[in-house]
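Peer 1: Got a structure here, written out as structure tokens. Questions coming.
Every number here is computed from the coordinates shown, using simple stated rules; none is lab data. Just so it is clear, the structure is predicted and the values come from calculations on it, not from any experiment. Heads up, the Cβs are rebuilt from the backbone with ideal geometry, glycines too, and the neighbour counts pull from every protein chain shown.
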Amino acid sequence: MNRLLFGALGSALVLFAAPASAKPIAPSALCDVYPESPACSAGVPGCAFCHAGTPPPRNDFGSMLEAQLLPAAPRPLSDADFRGALGTALQAVEQMDADGDGVPNLTEIMAGTMPGDANSFPKELGCDEGGTNPNYDVCNFDPKFVFKKVSLDFCGRSPTWDEMQAFERAPDAKAALHETLTRCLDTEFWIGQDGQLWKLAHNKIKPLQAIKAGEDSGPIPLGDYYDDYGLFVYSQMDDHDAREVLTADFFVSRKKNPTRYEVAGPSDPIGDQGVATEFRAGMLTTRWNLVLNTMFTAVPRTAAAQAMRSFLGMDIARLEGLVPVEGEPIDWDEKGVTAEACAVCHSTLDPATYPFKNYQGLTGSIGTYDPNRIQDDFRNEGANITSMPEAGVLMGVPVANLMEWASVAANSDAFAAATVKDYWKLTMGHAPSPEEQAEFQALWQAFRGRHNYGVEKMLHQLIETEAYGVP
Amino acid sequence: MFLERLTLPLLAVGLMAGCTASEVTPQPTGADGGINQPSDGGGVNNPSDSGVDVPPAFAKSERLNLRFKRDIRLRNDVAQTLGIDPADVCTELGQYHCTDFVHTVSLGGVEPYTLGLTEAFANTTVTTPIATERVVLFACERRADADLAGGAAQVIFRDLDVAADGKLQDVDADAVAGSIDTLYKRALLRPPTATEVDHLRQLYRDIEADNQPNPARDWAILSCFSVLSSMESLFY
């Protein structure tokens, strides 16, 4: 329970500690100038692109750029002046090398590296011609190498000697690789409890056994997160539509020996899920998510921030995904978020939070949708709080309610990129490097395109990438 | 007592395991590359000052992306290699699973439900090698004992001619080479090189020279340990 409270407190501190003199519009303004930059391909870059840590201190690139931004004008610049002058200033520094790593700023911006970080620059992956290697083809896609990796990454074990011999005799190595992958994607290692898909879900669900309800319940049973794992895994397997993590209006029943997941029927033992079908939005409206992230708050900012972090790859506590809304924040609950230092983030976060306002966390009837929630349980939180709208804005798109929020999120580039990035990190061991950006972008674009949000189809493409298959 | 007796052989094996790994994993090339394939079965040659001819170095990987197997893959691979049930690979105090419970985090796993560790450490920790060696040594001891007990259940150390005093009758026997061959194929998916076979035979001679009881058993355990704890075995 302490962890729960400290976590919520920590999030609040981070948000309220945001500094003065930052320009929350800067990331989107930069993407207006360089829409083709990898940093802009599925959202907007974080503030670290121009700033050293938390703004306002700038890194070398930010300082160089700032010197070109209407140098004669008094500071701070208005948003309009900043946006109007940014293109010219960026153009002025394009051919310079702010961080001294030998690569011009423009090259770095278009390669997806950081022009203000000397340790971040594009590298050309070559091929070592200086020797031979009897065991690995270090210059090309190496089927034997990939066979072993696929077996380890997706089946959880190396091939046996006999399996390796059989693979080497296979007439079509790539077909054999895909057969192996298909088989592995049904193993307990992949879909079973605590398997690889569960591990991908841990950060999104943030389980806590002490307050778990249902099977394996803890001493204070408040919600059953096994329902959340079930829904997550179901959406990622058998080429189901991965967007259902956000849009599903159903729950999933997990059967054992062997593990399998099915849409729950009336008689299936899912947890005490109280949100009516018409108000459901996948993992956003499970009892566990509402208990853990909404808790006792009138304006459930943590719920919105966790959703953006988990499913859109935007950690607003790290100043990522800032798309400020004009006139926000309004500070319905009188927490002081209109202070300049706070508004940097809350001008994006608060309007993204309003659609969560009618979902009960640990107040009222736990884990339900209640249109009178604010009126009944939080009317003393602020003079105008009962006027707080349910409609909000996510990534610049107006949404009427949480179902629309989920739909906008699930159909965004950010969702596709974040989903594929999870698997990239799982199978490569690292986030896409600058030299891997082209393959990564092709992968998530195919995921939302011809793969129709089917994770397994995407994985079949992933194992054929050079990033995965060249030793 | 047993561990104390193992110290010196382990050091020697550790060095050889390093050589073993260097023969199959991508290595830097050229005069400044550092490590080259040893042609004499010995240690590490530096072509700039050794004055001897060295074979061409391996072509190196530009991607440099080796990954530690971590808890579950390690358990599964040790179990598969040694023909042991995954649940029996290693336990502490005879009941707590090394990989699934006691050393999970050290071995690169997660503990989300009670510790809140929802994401594994990106890198190995200071205790990872200790925990890894613990798992491998435990499992190797189990395999060696079962194989040396004889019978149809032998998996790796088959048909070794062990005398009543615990010594191998002939370290150069085909059964010894066959055991080493089986060990490499099951663990590393390739046959051993002649140098690697020689290394493990020499390991037996060193152990026997230490005049401890049951040198054949110690050799079987440490041969297994050296291969399964090599970089080639633990990373992919």
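Peer 1: Hey, can you grab everything whose amide H is under 5 Å from the amide H of residue A:252? Only 5+ residues off in sequence or another chain; H modelled, so Pro and N-termini drop out.
Peer 2: A:231, A:264
Peer 1: Right, next: On a straight-distance basis, which lysines could pair with residue A:255 in a cross-link, Cα separation under 21 angstrom, same-chain partners fewer than 8 positions away excluded?
Peer 2: Excluding near neighbours in sequence, the set is A:199, A:212.
Peer 1: I would also like to ask the following. Please state the relative contact order of chain A as a whole percent: Cα pairs under 8 Å, 6+ residues apart?
Peer 2: Computed value for chain A: 17 percent relative contact order.
Peer 1: Within the stretch A:392-471, report the trypsin sites (Lys or Arg not before Pro) that DSSP leaves as loop and that have at most 14 other Cβ atoms within 10 Å.
Peer 2: Taking the stretch A:392-471 and a limit of 14 other Cβ atoms within 10 Å, the loop trypsin sites (Lys or Arg not before Pro) found are A:450.
Peer 1: A further question follows. Enumerate cysteines in chain A without a disulfide-compatible partner, where compatibility requires another Cys Cβ under 4.7 angstrom.
Peer 2: A:47, A:50, A:342, A:345
Peer 1: Choose one of A:202, A:270, A:65: the residue whose Cα lies farthest towards the positive end of the charge dipole of chain A (beta-carbon charges +1 Lys, Arg; -1 Asp, Glu; about the Cα centre).
Peer 2: A:270
Peer 1: Can you list residues whose amide H is under 5 Å from residue B:58's amide H, if they're 5+ apart or on another chain and H is modeled 1.01 Å from N?
Peer 2: Excluding prolines and chain starts, which carry no amide H, the hits are B:27, B:37.
Peer 1: Residue-wise, which Karplus ³J(HN,Hα) couplings in Hz belong to the stretch B:122-134, taking 6.51 cos²θ - 1.76 cosθ + 1.60, θ = phi - 60°, and x for glycine or proline?
Peer 2: 5, 10, 5, 9, 5, 8, 4, x, 5, 5, 4, 5, 4
Peer 1: Continuing with the same structure: Using a simple charge model, +1 on the beta-carbon of Lys and Arg, -1 on the beta-carbon of Asp and Glu, nothing else, what dipole does the protein assembly as shown show about its Cα centre, in debye to the nearest 20?
Peer 2: Value, rounded to 20: 1160 debye.
Peer 1: Next up: Using the alpha-carbon centroid of each, what span in Å lies between the stretch A:153-221 and the stretch B:101-179?
Peer 2: 23
Peer 1: Once the other residues with Cβ under 15 Å from the Cβ of residue A:372 are scored (Lys, Arg +1; Asp, Glu -1), what is the net sum?
Peer 2: Summing Lys and Arg as +1 and Asp and Glu as -1 gives -2.
Peer 1: Just want the answer: with Cβ charges of +1 for Lys and Arg and -1 for Asp and Glu, which residue in A:78, A:45, A:95 is farthest toward the dipole's positive end in the stretch A:23-111?
Peer 2: A:78
Peer 1: Counting alpha carbon pairs within less than 8 Å and at least 6 residues apart, what relative contact order, in whole percent, applies to the stretch B:174-219?
Peer 2: After rounding, I find 24 percent.
Peer 1: If you don't mind, there's one more thing I want to ask. Which residue, chosen from A:368, A:348, A:324, occupies the Cα position most advanced towards the positive end of the dipole of the stretch A:322-375, where the dipole is computed from +1 (Lys, Arg) and -1 (Asp, Glu) charges on Cβ about the Cα centre?
Peer 2: Comparing the listed Cα positions along the dipole, A:368 ranks first.
Peer 1: While we're looking at this one, here's another question. Give the long-range amide H neighbours of residue A:212: residues separated by 5 or more places, or on another chain, with amide H under 5 Å away, using H modelled in the peptide plane at 1.01 Å from N.
Peer 2: Placed amide hydrogens put A:218, A:220, A:222 under 5 Å from residue A:212.
Peer 1: Can you tell me the relative contact order of the stretch B:144-206? Whole percent, Cα pairs under 8 Å, sequence separation 6 or more.
Peer 2: That works out to 22 percent.
Peer 1: Note down the net charge around residue A:298, summing +1 for each Lys or Arg and -1 for each Asp or Glu among other residues with Cβ under 15 Å from its Cβ.
Peer 2: -4
Peer 1: Can you show me the helix-derived [θ] at 222 nm for chain A, built from DSSP H runs with n ≥ 4 at -39,500 (n - 2.57) apiece and divided by the number of residues, rounded to the nearest 500.
Peer 2: Theoretical 222 nm ellipticity from helices: -12000 deg cm²/dmol.
Peer 1: Cα centroid distance between the stretch A:228-306 and the stretch A:359-405, in Å?
Peer 2: 20
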